[in-house]
Each structure stands twice: as C-alpha cells, then as structure tokens.
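Accompanying notes for the structure given below.
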Amino acid sequence: MISHPLPLSVIIFVCCSINLVSGIPRRNGAETRCVDRDRRALLQFKQGLVDDYALLRSWRNGQDCCHWRGVGCNNGTGEVIRLDLSGIWSEELDQILGLSGEINSSLLLLRSLRYLDLSGNSFTKIPDFIGSLTELQHLKLAQIEFGSPKVPDQLGNLSNLQTLDLASSSVVIKNTLWLTPLSSLKYLNLSYIDLSESLGLLNNAIRLPSLVELHLVNCLLPNATANSFLRDPITNLSDGFAILDLNSNFLPASTIYPWLFNFSGSLTDINLSDNELLGTIPEAFGTFKNLRNLDLISNGLEGGIPTSFGNLGNLRSLLLAGNNLKQDLPSFFDNLSGPADKSLQVLDLNENQLSGSLPDFTTFTALKELYLGDNQLNGSFPDKFEQISRLSILDLSDNRIKGMLPDLSAFASLKELYFERNILNGTLAERLAPLSKLESLGASSNFFQGTISEMHVTNLPRLTYLDLSYNSLAIEIGSGWSPTFQLDIISLSSCKLGNSFPEWLRTQKNFSVLDISNAGINDAVPSWFWASLIPGLRYLNLSSNQIHGMVPDLRFGGGGKPLIDMSSNNLSGNLPLFPVDTLTLMLNNNMFSGPISSLCNLTILNRLDLSNNKLSGELPNCWKNFDRLVILNLENNGFIGRVPDSIGSLEFVDLLSMRGNNLTGELPSSLRNCISLRLLDLGENKLSGKIPEWIGESLSMLLVLSLPLNRFNGTIPRSLCKLEKIQILDLSVNDISGSIPKCLNNISGMAMRENRSPDASIEYNAIGLERTRLTLRARYVFKALLQWKGRQSEYQKTLGLVTSLDLSSNRLIGEIPGEITSLLALIALNLSRNTLTGPVPEDIGRLRRLDFLDLSRNNLVGGIPTSLSLLSNLGVLDLSFNNLSGRIPKSTQLQSFDVSSYTGNPALCGVPLPDGCPGDEPSGGNEDVAEQDSDDDKLTSNGFYVSIVVGFAFGFWGVCGPLVLKDSWRHAFFGFLNAVKDRVLVALEIRFARLLNRTMSNMN
C-alpha cells in the first residue's frame, strides 16, 4: 500500500479527541459528575430517536451521563462538550448500524457543546437550530440520509466552527453564501455531494481566511467552477490553505490549471486524480516550493516529467499511475534529479507506457516505495544496487524484464517485492535469504525453475504474502518443519507440490487466501485441513488436481465472504453444507451426487457452477434467495422435473445453463424477468410446449440461445427477430413446424461484420476484497456446444467469434427466405433435416464468412447457385438428399468437396460426381480416337525431336544471350524473377495461414 502523510483532518481529530477525553471525569476520589441540565437534555434528545440496534442502551436515567456511549464532559464543570453518535459498521451485516428519527432541539441546552458527530445515521433533516450552537467547533454530518436535503443557511452563524464534514450525505447545496461568515473554518469536506448546480462554492470556500484543508471528491463540479475566480481575482486568500482534494470531478486542464497555480505559495498536498487533464504535465507544478504530495493518477497525461520537478525539495509522494506517459525511464529519473531525489519517498508510475531498461535510481536515497508495474520496460535486471537501504516496496510487475534476478542483498529493508508477469528465469530460492524483512513476495507468471525448500524461507519471519503461481517451481517442504512465518496470502497455483496434500499447511493458522490449484496433488484432503479453515477465509482454490474423497460440512463463515473453487477433481458424495456467506461456489467436473437443496441458505451467492457431476432430484424452488446470482451452471447432471418458477427471481443472472439433464414441462413465464441474460442454454432436456414469444421481447441482451434436443413444438416466434445481439441461435432437433421467419435479417449480431472479441466472458475479482494484489485473476468464460462438422464441439475461448444459426431436424416447411443472405457475419448455417422447398437462395454467396453450410435432407429444387463458388472459406458443405438439378458450378472450391456433399440429388451432375453432364463427352468414336493417337505417336518420332533441339537452341540464345552480354537487361530480368518469387511466397503464406486457421477451427 502507498503510505501518505497524515492529513490535517486526522491531526485535528486526534488532538480534539485527546483534549476532550482528558475532560471526561474519572472515578477516583472526588469526581465531577454530569451536569443535571445536560443529562436531562440528552434523555430528551434520545426520545426523538429510533434506536433499532440498542446503540444508546447505556443512556439510562439515574446514571452519570459522562459515562454514556459517545458522551464526553469537561473535567472541571461536568458540562457535556462532546457528543459522538456516529454509526457503527457491521462486518457481519455488511452495513452501518445507526440511529434514525429527528434531531431534537434539546441539544440547545448543551451550552458548552464543542464537538458533534452524527455521521452514519438517518435523520429527517438538518434542523435550523444547529446554527444556534455557537460554541460548536466541530460538526460532522457525513453519510447521513436526510429526508429533507436542504442545508440551512443558519450554519453560517457558527463563527467558531473549525471542522464541517457533510461528505456522502443526501443534501443539495446550491446557495453557498452561508459559507462566507465561517471565518474560523479550517477543514471543509463536501465530497460525494452533487454540486453541479453550485457554481460559486469552490471560490467561496477558498476565500475563507482560516481554511487549511478542502475536500471536494466526486462532486460533479461544473467545468466553469473556477472561471469566476479568474475573472474576479482577490488577494485576501488564506495563507494557510495547504490541502486540496478535487479527485474524480472530470475537470479539464483548461479549467483547473490557471486557477490552481494561484496557490503555488501555500499548497502542500494536491489530489487531481481521475479528472480529464490531457496533454503534458505543466512545468508550473515546479513552482509549488512547499509541495509534499502530488496525485495525478488516472488522467490522460502524456509525454514525460518536467525538469522543474527536480527542484521540489519537499516532494515526498508523486503519484502518476494510470496515464499515457511515454518517456524513456532513465530520462524520467534524470528529470527528477536535484533536490527532489533527496526527499522523494513514494513514486507511483504504474500503468503507463514508459519504456527502456531499469535505471540507476540509487541516488534517490529517501525512496521507500517505487511502483513501475504495467509499463513497457525491458532489458535485464541490473546486476547490483547500492544505497537503497530505505526501499520498502518495489513493484516491477507486468513488464518485459528478462534474465535472472541479481543479488538482492542491497534490498535488506524491502517489505514488498513484486515482479510477477515478466520474463525472468533461472532460480529464485537462493535470492530470498537476504530479505529478512520481506512481508510480501509476488513472483507469479515468470519462468522460474528449481526447488524451494524450508532452508530458503527460514530467514523470512515476517512473510505474510506469498505468490509464486504460474512458474515451474517445486515446493519441497518437509512435513515436520515449523516455519517462522504465518501467511495470510498463499498462491501456489501451477507449482509442483507433490502427490500428497502439503503437510506444512498444517502450521499456517491465519491464511485468508489459499490457491493450490493445478499443483499435481493426488490425495484426499486430511481432516485437519478442513478444521483449520478460519472464519475470515476469503478464497479457497483446490481446483484442477486429482483430489478425491468426500468434503465434510464447512462452517468457517463469519464475514469472509469466501470464494470456493474445488472444480476439476474427483470429489464425491453429497454436497456438504457451506458457509452462509459464501460468495462463489465452483464444484464443476467432480462426482458429487444427490440433491442440491442444502444450498438454499447461501443467500449472497453470485456464482454457482455445479456442472458435470452426478447430482439428481428436482431443482429446489428457492431461487428467490439468490437475487445476486450472476452465473448459474447446472449442466450435465441428472436433474428431473420442471424448471421452478422462482428461477425468474434471478434478475441479474448473465449465464444460465441447464443443458444435459432430464427436465420436463414448459418454460416458466417468470424466466422473462431475467433481463440480464446473455447466455441461455437449456439443450438436451425433455422440455416441451411452444417457444415463448417473451424470449424475444424481454431477453434483449441474449448472445446465445440454445434449446436443441428438446420437445418444443409450434412455430418459430417472430419475436426472436428482436434479439438484435444474438450470435448463436440453436433450435435444432425439436418438433418445430411452420416456415422460417423472414425477419431474421433484423438480427444485427448475425448481420454486422464488425470486429468481435475472441471470447464472451465475465471477469470478476477472484478474492472478493480490494486490499490484496490478487484481484481480477478469475474470469468465467462462457461456452456453447455446437453441432459442427459432424460432431458436437465445445466453443469457449473463441465463442465471441462464432456466429451460428441452427434450425436443423425439425418440421420446417416453405422456402429458405432470401433475407437469410443478409446475415453476413454467419459462420455456420444448418437448415438440414426439414421439409424445406424451393430453390437455394441465388445470392447465398454473400455469406462470405461461412465455414459450415448444411442444407441436406430437404426438398430443395433447382440448380446450385453460381454465387456459392465465391465462399472461399467454406470448410463443410452438405447439399445431399434434395431434388437439386443441373451442373455443379465449376470452381476450385466446389469441386474440392467429397461426393457425399452432393449425393442423393439424381438430376445433379458434374465434378466431383462420377456421372458427367450431357454434352461433356468428346466428339467422334473410339476408332477415331485410336487413329488420332496413332498419328500423334508418329509425330513424336523424328521431326518432333528435331524441333525440340532447334527450338531449345534459338530459345536459349535468344533469351539468355542478351542477358549474358547486356548488364541492364540481366539486372531487369532477375529483378522480375525476384518479384514473381515474392508474389508466390506471399500467396503461399496467405494460403498456409487460412489452412492453419481452418485446422485450429477443426480442433476447437
């Protein structure tokens, strides 16, 4: 984590807390008790509140109010000077526990009240009478839901007010003139309030004579917010104005820069992250002589660092991550050289386009944190570092740094070291020994080899984060070894842990993340492991091993919201009980059996994959408990019965697959409520009834609709033409009748040929919390089964590139509508095994992307359209068993297919069929042919050979002679040959690429 100096608000809060706590009476000898007037006022104040969580249970009559929750008194007088009734965050309930009701005017009886904090509650309004609490110095009303959002102008009467915090409250601020009288105000926080209609707020705030700290984060400030200051500048600005936070306001550089540079003499901390500051970084930032912290993260900044930054002798933190900086990294550090290299402690350049090799940054002697991840750095790791003893965090992840790690002994103070996702190789183990203070090590996704044993990590007692995943490392730690560290994060995916379950994990008592997926384990999970799982577990990944046996009931929940992945093992038995706060459950590709009703209590589940098991029974009707579910995959099990009505409660579900079960009955109408669906696969069941009209009317986000191998009847609903985004529509092997709708050309997902992403997926945080670097590691990729080239193929990684229409094996009648030829993005078209009549559409050659075309076993008539020969990408063609007639059009493409592509059409002729077409036979009988052959043989006896010799002589000297005698002709001739050679090679490469693509498609 990036450390920042304490903001003034924290210092003020701590100082006030110390002073006020010192004023609370202590029960030792003579003590000062609460003033009776104040006690009665607080009890009256309590009467106006709704205390659903018993937060004020200590407020009882007859008790000293100075010892009530949130109450602080003056030692000498016993008067209440502090009232802190802010809400309490509950990890278990994932919400703030607060008070509600009305702020009673009895607070006016607290004549000495100086500190009032009601944050995190819910009240009717900010009462006008608060402006009469004239002794008030600190007022905090943050994160409050007000029934009436008006901010009373009477707040301007609080002349002694030093702190005003309304952040994240449901208030509306338009008129800001009430700010002007607050001459003592030092801290103002209006973050996360819509200030889009408050043009004068920013300028009124900076005119406050005592203002030190101003926070206006994500306030939707209008772009003209600083213009009035530029038009009407004044000189009596606060000399102490030091901290400015305008994060996330989408302000352009033209608005903020001219206004900002008026404060170059006072500002020490500037946060302009997440705005729209385009172009280069202005040199004028170098005029802020007192600048300590500058945050310009996530803008559109380009170029490099101005040389003026090197003069900032007080600069401690420079955060430039998430921009488009393209400077060479060594020159970047050169521009920072100067007084700044002795003061700079934190430098964050993550997520830019910086290039070059790692420079010598040892002159930056104060540097503690250096973030260079996700750039374009290359070259090798420097051989040696010196004078960097203070460096505690080094992030070099997501670059192209290659080679072996150097001696890391100079990094003795490192606490966090990350170089994952580079091209580093060699051994890692012996480099770890000098890093005795290391707490976090991220070395995943490199090419490290060798073995790591207990001797390599014995000297790392502080290690809590270990990520060695996706290397070729072998972890060989003896079962009897007791490590000196206790890990919180353990990520060893794709490392070699051996056949047995790692016994050394028995010593780790506090881990919240464990990923030992694809680690070669072929063993049952020991009972001590299940018993060791702590309540705070967030991520457990045992997938892609050969773990077998049964899983006991797991009851380690308690605020961790775990993501559990045990997929692709050999686990068996009934489903166990899982923690009620489980967030993700991936149990696919195992041998679990029995019903799944035990999962009904997992009410916050958002991803559930039980596919490819042996589960059975009816689906429980408890899906209304899963209103957060995004992924539900139950395919390839043995579920029976109807699809329950409560499935319609999944209004946020993206993927719903129940393929390959024994479900019966009609689709429940409640399914129309699942408006976020992108993939719906109910194929290979026994579902019946008509395909509902509401699919096309309500499920407009669908990319894949797959209903094959069921018992659907009726006609194809015309409403399916409204599914504009659909890319795969599979209604094959049902009992559907009627004609093919002519409106299919309205489906833009099949008609547009724009560039598509190669996969269709949901990307999600694999850990569930942001405080770990192991975020966004997981991605659930949609997959679809298509009947392709005579076999059923699974498309997953390239699903986004597949566009398919399959209406085969039904009872469709009528002609193939010509509108189908408008679906220019189609890769596969299968209309086989119906009773379609009429001709093949004449302009079917428009479907240039077709790789699969099957029109077989219909009653199609007429000739094969000549445009079909234009389909150069066609890999599968089947026109067999129709009533097609005439000659097969001549083309390299159509003649390359097997006879089986055309068989069963008696009136069809031409290559590759064995029977030629009428008029193809040569003229004359066999005798004429034999006589002609005899005459031809005579021609080759004497004169033929003489002609060859003479022709060769004239040809050779007629062409080669001038080439030998004349240099310019010879150079031109061989240049021509080179050009021809290049053309041939290019053509061969293109042909080879197409062949390779077709081969990869076949493999998919």
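The values are calculated or read from the model by the stated rules, or taken from the named source; none is laboratory data. Just so you know, these numbers come straight off a predicted model, no measurement behind them. All Cβ positions, glycine included, derive from the backbone under ideal geometry; neighbour counts span all protein chains shown.
Looking across segment 876-902, just one residue is touching a Ser or Thr at 6+ places or on another chain (Cβ under 7 Å) and either charged (D, E, K, R) or touching a residue at least 60 places away in the same chain (Cβ under 8 Å) (or both), and that is D878.
Select from segment 572-616 the residues that are hydroxyl-bearing (S, T, Y) and assigned to a strand (DSSP E or B) and list them in ascending order. If the condition is that a residue be hydroxyl-bearing (S, T, Y) and assigned to a strand (DSSP E or B), then S572, T584, S593, S616 are the ones that fit. Within segment 298-320, work out how many residues are in contact (Cβ under 8 Å) with a residue 40 or more places away in the chain and crowded, with 20+ Cβ neighbours inside 10 Å. Count: 3. Among the residues making up segment 829-878, those that are assigned to a loop (DSSP other than H, G, I, E, B), of a type in the set (G, A, S) and touching an Asp or Glu at 6+ places or on another chain (Cβ under 8 Å) are S832, S856, G875.
Quick check on E430: is it surrounded by fewer than 18 Cβ atoms within 10 Å (Cβ to Cβ) and either free of Cβ contacts under 8 Å to residues at least 60 places away in the same chain or touching a Leu at 6+ places or on another chain (Cβ under 8 Å) (or both)? Spelling it out, E430 is indeed surrounded by fewer than 18 Cβ atoms within 10 Å (Cβ to Cβ) and either free of Cβ contacts under 8 Å to residues at least 60 places away in the same chain or touching a Leu at 6+ places or on another chain (Cβ under 8 Å) (or both). Residue selection: L344 satisfies the criterion of being over 24 Å from K402 (Cβ atoms) and crowded, with 22+ Cβ neighbours inside 10 Å.
Pairing residues of segment 803-818 that are under 22 Å from S867 (Cβ atoms) with residues that are outside any loop (DSSP other than H, G, I, E, B) and among the β-branched types (V, I, T), at Cβ distances under 8 Å and at least 6 apart in sequence or on separate chains, gives T803/I728; S804/I728; L805/I820; G814/T837; E815/T837.
When you go through S500, S479 one by one, which is the residue that is modelled with pLDDT of 90 or more and under 22 Å from M455 (Cβ atoms)? Result of the check over S500, S479: S500. Of the residues Q95, Q137, the single one that is free of Cβ contacts under 8 Å to residues at least 24 places away in the same chain and either in contact with a Leu (Cβ under 9 Å, 6 or more places away or on another chain) or surrounded by fewer than 20 Cβ atoms within 10 Å (Cβ to Cβ) (or both) is Q95. In segment 35-66, of all residues being surrounded by fewer than 15 Cβ atoms within 10 Å (Cβ to Cβ) and without any contact (Cβ under 8 Å) to a residue 40 or more places away in the chain, the one that is nearest to L108 (Cα to Cα) corresponds to D36.
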